[in-house]
Amino acid sequence: MGYPVLSLRPLAREDIERVRCWRNQERIRRNMLSDAQISVAGQQAWFEALTTDPGRRHLLVELDGHPVGCLYYARIRERQAELGYYLGEERIWPGTGVLLELAALDHAFDRLELDTLFAEVLEHNPGPQRLHDLFGFERVGVREAVVVRDGEPLAALRFRYRSEDWRARRAAVLAALPRPVREAAARMEI
């Protein structure tokens with residue numbers, strides 16, 4: 001059986017409407033710090049600011065050359081960054097989220113040469129929490145009441161990964177993943 005090739009490439013101007021449509025999906029907005037709808041003009045202004053900000057990297061995630069999501073690093077400074085990602089397409093290979101987490105760590109520590117990667121996940125979003133735990137992220141705190149949804153304050157769980165820890169654990173993490181994900185991981189283009 002053939003496994004998909006996950007690849008990353010810099011977000012380009014021709015991608016921004018697709019990304020805006022993904023980001024405006026309810027299933028994605030409810031798990032972001034801002035759940036506001038994004039306008040065409042707002043997206044264009046965001047992209048213009050992104051192109052001149054060395055502290056941010058936004059990458060388009062593709063499976064076999066087809067766009068499926070976004071991976072981004074924010075507040076890049078002093079060899080640290082904040083990680084975020086989402087899958088905009090729903091009908092995709094079932095191991096894509098796990099493969100994307102692997103690509104995010106490899107890209108952060110190998111391509112961007114970061115020492116430390118941070119991530120935040122809203123408390124009502126258990127999928128990424130479990131994925132971060134599976135990969136060995138360290139839980140380092142909670143930011144209380146970072147957003148209000150349906151009148152209720154929500155906390156964000158803080159995670160951290162250090163480069164040296166990823167290098168020490170990567171082989172074991174990969175070995176513990178299902179065989180199809182391991183096979184696809186060997187084909188990644190990050």
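Structural remarks
- The number of residues in segment 39-74 that are assigned to a strand (DSSP E or B) and aliphatic (A, V, I, L, M) comes to 7.
- Meets criteria (farther than 23 Å from ASN125 by Cβ and either touching a residue at least 60 places away in the same chain (Cβ under 8 Å) or among the aliphatic types (A, V, I, L, M) (or both)) for PRO10: no
- Considering the conditions (1) touching a helix residue (DSSP H, G or I) at 6+ places or on another chain (Cβ under 8 Å); (2) more than 19 Å from LEU71 (Cβ to Cβ), ALA168 is excluded by exactly one of them, (1).
- Entirely in segment 75-190, the strands (runs of 3 or more DSSP E) that have 2 or more residues that are crowded, with 18+ Cβ neighbours inside 10 Å and either modelled with pLDDT of 95 or more or of a type in the set (A, V, I, L, M, F, W, C) (or both): 80-87, 116-122, 152-162
- Qualifying residue in segment 4-16 (condition: modelled with pLDDT of 95 or more, over 26 Å from ARG149 (Cβ atoms) and in contact with a Lys or Arg (Cβ under 7 Å, 6 or more places away or on another chain)): yes
- Single residue of segment 1-54 satisfying the filter (of a type in the set (Lys, Arg) and touching a strand residue (DSSP E or B) at 6+ places or on another chain (Cβ under 8 Å)) that is surrounded by the most Cβ atoms within 10 Å (Cβ to Cβ): ARG23
- Of the residues making up segment 100-119, those that are closer than 14 Å to TYR86 by Cβ and in contact (Cβ under 8 Å) with a residue 60 or more places away in the chain are LEU100, ALA103.
- Hey, ARG57 crowded, with 17+ Cβ neighbours inside 10 Å, of a type in the set (Lys, Arg) and farther than 13 Å from GLY88 by Cα or not: yes
The values are calculated or read from the model by the stated rules, or taken from the named source; none is laboratory data. Just so you know, these numbers come straight off a predicted model, no measurement behind them. We place every Cβ from the backbone using ideal geometry, glycine too, and count neighbours over all the protein chains shown.
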